[in-house]
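Q: Below is a structure I'd like to ask you about.
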Amino acid sequence: EPADPAGYQLGEVLYYHIYVQNTGEVPIPGLTLHDALATEGTGSDEVLKVTDLQPGESYPYSYTHVVDEDDVNQGYIYNIAYATWEDPASKTALKAESNPVIATISNKASLVLQKAVVGGPGNEQYYVPGEIIHFQVHVWNNSNVHHKSIVVVDPLTGESRTIDELL
């Protein structure tokens, strides 16, 4: 599920899980699994996996996809996985497709802010009174909108910094 109910955003990770199962009564030798999104950049019909499946046996395949600029510009990701094999008896080429998976992409002008402790306490377990805690703040542009004059304020310290622009 996306972090934002409006859809996935640039840089967000989608997790795909594909399961192929032999629901027939004979073994399937040389079943090939395909998914253009999993092999993007290597050729749209590249084979993900070749496997043999016995009756009732299944094979899982998982991968991740990071939402990129092309996905944002399109506004969605449409994806189908499919398996091909040859019928052992008739030698006919067969193909089964998954249901389409459509992921909505949101391109709201947004920034992601992350604050983390750098290092740790001197005793490696907990901070003691008077010990200094070091924080690091990261700001990144999670859209294709050019942001200018961003003011980041830390209410704990009262410190503020201005970022002139983030592409």
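Q: Name the single residue, out of those in the range 96-117 being hydroxyl-bearing (Ser, Thr, Tyr) and under 17 Å from residue 7 (Cβ atoms), that is surrounded by the fewest Cβ atoms within 10 Å (Cβ to Cβ).
A: This residue is 104.
Q: Return the total of residues in the range 106-145 being basic (Lys, Arg) and closer than 19 Å to residue 67 by Cβ. Show your work before the answer.
A: Taking the range 106-145 as the starting set, the residues that turn out to be basic (Lys, Arg) are 108, 115.
Remaining after also requiring closer than 19 Å to residue 67 by Cβ: 108.
Residues meeting the conditions: 1.
Q: Quick one: in the range 141-167, which of the residues that are under 23 Å from residue 72 (Cα atoms) and among the charged types (D, E, K, R) is least open to solvent (accessible area, probe 1.4 Å)? Give the derivation first.
A: First, pick out the residues of the range 141-167 that are under 23 Å from residue 72 (Cα atoms): 141-148, 150, 165-167.
From what's left, among the charged types (D, E, K, R): 148, 165.
Working: 148: 138, 165: 101 Å².
The extreme case among them is 165.
Q: Answer yes if at least one residue in the range 118-140 is surrounded by 12 or more Cβ atoms within 10 Å (Cβ to Cβ), touching a residue at least 40 places away in the same chain (Cβ under 8 Å) and assigned to a loop (DSSP other than H, G, I, E, B), and no otherwise.
A: no
Results for (1) more than 17 Å from the chain's Cα centre (by Cα); (2) not basic (Lys, Arg), shown as yes or no for each residue.
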| position | (1), (2) |
| --- | --- |
| 2 | no, yes |
| 11 | no, yes |
| 19 | yes, yes |
| 26 | yes, yes |
| 49 | yes, no |
| 99 | yes, yes |
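Q: Something else: Report whether or not residue 64 is among the β-branched types (Val, Ile, Thr), part of a loop (DSSP other than H, G, I, E, B) and open to solvent by 60 Å² or more (accessible area, probe 1.4 Å).
A: Criteria not met by residue 64.
Q: Here's a follow-up. Out of all the residues in the range 1-35, which are without any contact (Cβ under 8 Å) to a residue 24 or more places away in the chain and in contact with a Ser or Thr (Cβ under 8 Å, 6 or more places away or on another chain)?
A: Taking the range 1-35 and keeping what is without any contact (Cβ under 8 Å) to a residue 24 or more places away in the chain, we get 1, 3, 5.
Matches in the range 1-35: none.
The values are calculated or read from the model by the stated rules, or taken from the named source; none is laboratory data. The shown structure was predicted, so the numbers you read here are calculated from the model rather than taken from an experiment. We place every Cβ from the backbone using ideal geometry, glycine too, and count neighbours over all the protein chains shown. Areas reflect the complete protein model, heavy atoms only, side chains present, ligands, DNA and RNA absent. Shrake-Rupley method; radii C 1.70, N 1.55, O 1.52, S 1.80 Å.
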